[in-house]
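First the structure, in the form of structure tokens, and then the observations on it.
The values are calculated or read from the model by the stated rules, or taken from the named source; none is laboratory data. Predicted model only: the values in this text are computed from it and were never measured. Cβ: placed from backbone, ideal geometry, glycine included. Neighbour counts: every protein chain shown.
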Amino acid sequence: MLVFIEHRACSCGTLAAEMAATKLLVTRSDEVMSGAVVFTGTRVPVQTLLDYLEEGDRLDDFLEDFPTVSREHALAVLELAKQSVFAYADSSG
């Protein structure tokens, strides 16, 4: 099973927003990392970024440890997560 999530961001003028508007951000495949959601084009689970941030690490620490993920890609995924939270809050009344 292969799942692609495409995100269209607002025209905020940032490189992250532009990347989000034109590329697939995350993928999931049973053949890659046992089906974990990963940054597209990598084997890096998105959960790893969230774990880093939850533990108080900086985005730069994550990027240094996982050079296959660009800053723009990480920021676009975080923007997608933020928008998902706001959409959830709006739908829950």
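Considering Leu24, Leu53, Leu59, which residue is under 14 Å from the mean Cα position of the chain (by Cα), closer than 18 Å to Leu80 by Cα and at pLDDT below 90? Before you say what the answer is, go through the steps one by one.
On the way: Leu53 fails: at pLDDT below 90; Leu59 fails: at pLDDT below 90.
Unique residue meeting the criteria: Leu24.
Among the residues in the range 59-67, are any surrounded by 12 or more Cβ atoms within 10 Å (Cβ to Cβ), of a type in the set (D, E, K, R) and free of Cβ contacts under 8 Å to residues at least 24 places away in the same chain?
Yes: one or more hits.
Taking the criterion of being surrounded by 17 or more Cβ atoms within 10 Å (Cβ to Cβ) and part of a loop (DSSP other than H, G, I, E, B), the residues of the range 41-58 that qualify are Thr42, Val44.
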